[in-house]
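The next block holds one structure in the form of structure tokens; read it before the comments.
The values are calculated or read from the model by the stated rules, or taken from the named source; none is laboratory data. Quick caveat: nothing in here was measured; it's all calculated off a predicted structure. Cβ: placed from backbone, ideal geometry, glycine included. Neighbour counts: every protein chain shown. Heads up: the accessible areas ignore ligands, DNA and RNA and are worked out on the full protein's heavy atoms, side chains in. Shrake-Rupley method; radii C 1.70, N 1.55, O 1.52, S 1.80 Å.
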Amino acid sequence: MTTYPLSNIDATVKLLIWDLDETFWSGTLSEGGITARPQNIALVRTLAERGIVSSICSKNDLAQARAKLEELGVWEYFVFAHIDWTPKGQAIKGIISDMGLRDENVVFLDDNAMNLEEAKFFNSRLMCVDGDFDLSGLLDLPQAQGKDDGALSRLNQYRVNEAKHREKTTGQLSNEEFLRQSDIRLRYVYDIEDNWARVLELINRTNQLNFTKKRVETDAAEADLREMLRMPGAHAGLIQVSDRFGDYGMVGFFLMVKRSSGSRLEHFAFSCRTLNMGVEQYVYDALERPDLRIAQPVANGLDKYDRVDWVTETFGEDDGFAAPDRRLCLVGGCDLLQMAFYCGSNRDEFVNIVRNGMVVRYDDVGFILSERDDPGMDRFRTRLEMWSRDEMLAFDAALGAADVVILSLYQSAAGQNFFTFGGSEFGGKHLMHVPAQAMRTVLASDNAAWFAKSFYHRRYTLGQKLTLVKRAYDRVQSLVRPGTPIVLIGANETGERAQRSLETRKGFNAVSRDFAVSNSNVTFADPADIMAAEDIVDDNHFTRIGYFKLAQFINAIAATDDGTLMPEAVAGM
């Protein structure tokens, strides 16, 4: 075999695997002594400070080799060392696999041509270098520049992985049993701006667990990413992971765009530091498995485990999140779709969706007020999509179980398309606010005559609609446990578009504020008090930061004993 000159190394270097005798040092250890090569010791240390780690694959006695490397002051710079008398080809394959790397990013250094040939046979894309070369030239290669890591964080992370691997292989545990004993803790970090460099690094440098592989490598692409993060419906976060072996840092990033018609992931990338821990599947499940077009290849799919039950979410002191065991009930429109995730995963959502091509609104006083005792009401859903009787009953049950209730009902004050239907009496007994899109769809179909005969239009005044909103609040209050915090999300009154419906907005906010004043467990969440002007996109939508601030406000209420928030706390949001 022809060994590879240094100039032919053509892929990013992440790992060097060293032979010892006549490569890392001069001489053969088992034959009576070696002479150190200081330049190689310096090379290992310098590469570690660039985030490029070193391992060993050597035919030697482990105890003797380790003692010599400790004497040289360099043993601690090696991870996943394989020192025994077994063949090297498969041993190197095992090192690469255990470290979660790919052979194309690994350099093997050995003075024996046969060992290089064998290693290449089992690892076809491995970069092989003759150990007789002056190896200091590696430092000048652009592929081996790495990044500044003077704290040796990457080396330390691989030490953590090595300790985990050692315990797992010696403890005779299955992979999932080992993970359950590892005390894996996950935290979402939403401060994207202050961690921008890490976001770009995860997007651009990760491969094995980068599920979209959408790189952000130009100024224009970076500007597009920032713009996407400002969109209403954009939900993004970094993933920080630790376990009983150590802290892996921020190992993942996601950017999801949420709409009433569904959600999709624009970015979903994870470092190989947490490969085979189930972290990416846990996050995907927590995001409720949004649409994701996976760009192959990826090391793991998102259905590798039946259920990832070994990860625990943690919360930082300054996160402002509700306790993970606190149960929420949310009712409303797209504003809740944007902020729900920030409020915790233990929640019942009744949030507007698109079903069979029609919008179904839950921010409808009819959903809350309509009678539940008519099992025949669902027959109307065969021609017009709406909430079901089962959903209404589920909502009532969710209110009784909730620790916090969040209501956003402004569209019931702003809407015009109120109808009654069903029942034996003239005019119908059930109330529904039919979305304009759904009504257009039905009137353009063969069901137009049925709709005109079965649904009775109610031309409510603003005062009548506000009375219905107040009745909906009263019913919710009657179904929650005494003292359960209820948060009423107000309508935005600022901006040119909001001015067109300002009377309705002010009226809705006045009813909501008065209800909060009259009930000690109720809080009115006014966007004007919680957000800055730049957090408001239009009359009904906020930026990602705006929704995050709203979630912090709600979670601060959830964390208090009586479900109320002091004015000074609001000012601090």
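Which net charge results when you count Lys and Arg as +1 and Asp and Glu as -1 among the other residues whose beta-carbon is under 15 Å from that of residue 123?
It works out to a net charge of -1.
How charged is the neighbourhood of residue 76? Take every other residue with its Cβ under 12 Å from the Cβ of residue 76, and add Lys/Arg as +1 and Asp/Glu as -1.
+1
Kindly express, to the nearest 10 degrees and within the range 0 to 90, the angle between helix 38-48's C-alpha long axis and the longest C-alpha principal axis of the chain.
With both axes taken from Cα atoms, the answer is about 0 degrees.
If the cut-off is a Cα-Cα distance under 24 Å, which lysines reach residue 549, setting aside same-chain residues fewer than 8 apart in sequence?
Within the straight-line cut-off, residue 549 pairs with 258, 506.
With each run of n ≥ 4 DSSP H residues scored as -39500 (n - 2.57), what mean residue ellipticity at 222 nm is computed for the chain after dividing by its residue count and rounding to the nearest 500 deg cm²/dmol?
Dividing the helical sum by the residues of the chain leaves -10500 deg cm²/dmol.
Restricting to segment 5-159, what percent of DSSP beta bridges are antiparallel, rounded to 5?
Of all bridge pairs located within segment 5-159, approximately 20 percent are antiparallel.
When the accessible area of segment 488-539 is split by element with a 1.4 Å probe, what percent falls to carbon and sulfur?
46
Given a 1.4 angstrom probe, I'd like the percentage of the accessible area of segment 162-306 that is carbon and sulfur, rounded to a whole number.
45
Using per-residue counts of other Cβ atoms within 10 Å, averaged over each peptide, order 505-514, 287-296 from highest down.
Final packing ranking: 505-514, 287-296.
Using r as the Cβ-Cβ distance of residue 391 and residue 167, and R0 as 45 Å, what FRET efficiency do you calculate, to the nearest 0.05?
Here the calculated transfer efficiency is 0.40.
Ranked from highest to lowest mean number of other Cβ atoms within 10 Å per residue, what is the order of the peptides 265-272, 21-28?
Result, highest mean Cβ count within 10 Å first: 265-272, 21-28.
Listed highest first by mean packing, meaning other Cβ atoms within 10 Å per residue, what order do 376-384, 481-489 come in?
In decreasing order of mean packing, 376-384, 481-489 become 481-489, 376-384.
When we measure straight from the Cα of residue 429, which aspartates and glutamates land under 17 angstrom away, once same-chain ones fewer than 8 places off are left out?
364, 371, 373, 374, 378
Provide the convex hull volume over Cα atoms per residue for segment 25-167, in Å³.
112
By its C-alpha gyration tensor, with a ≥ b ≥ c as the square roots of the eigenvalues, how is segment 156-272 shaped: rounded for a/c under 1.5, else prolate for a/b larger than b/c, else oblate?
Here segment 156-272 falls in the prolate category.
Where the only charges are on Cβ atoms (+1 Lys, Arg; -1 Asp, Glu), what is the dipole of the chain about its Cα centre, to the nearest 20 debye?
About 2320 debye.
Out of all DSSP beta bridges in the chain, what portion is antiparallel? Express it as a percent rounded to 5.
50
Between beta-carbons, use under 13 Å as the cut-off and find the net charge around residue 252, counting Lys and Arg +1, Asp and Glu -1.
Every neighbour counted, the sum reads +2.
Holding the Cα-Cα limit at 30 Å, pick out from 59/304; 88/213; 214/304 the pairs that are longer than that.
Beyond 30 Å: 59/304; 88/213.
Select one label from [x] 1.04; [y] 1.01; [z] 1.11: the one whose number is Rg/Rh (Cα atoms, Kirkwood Rh) as derived from the coordinates shown.
[z]
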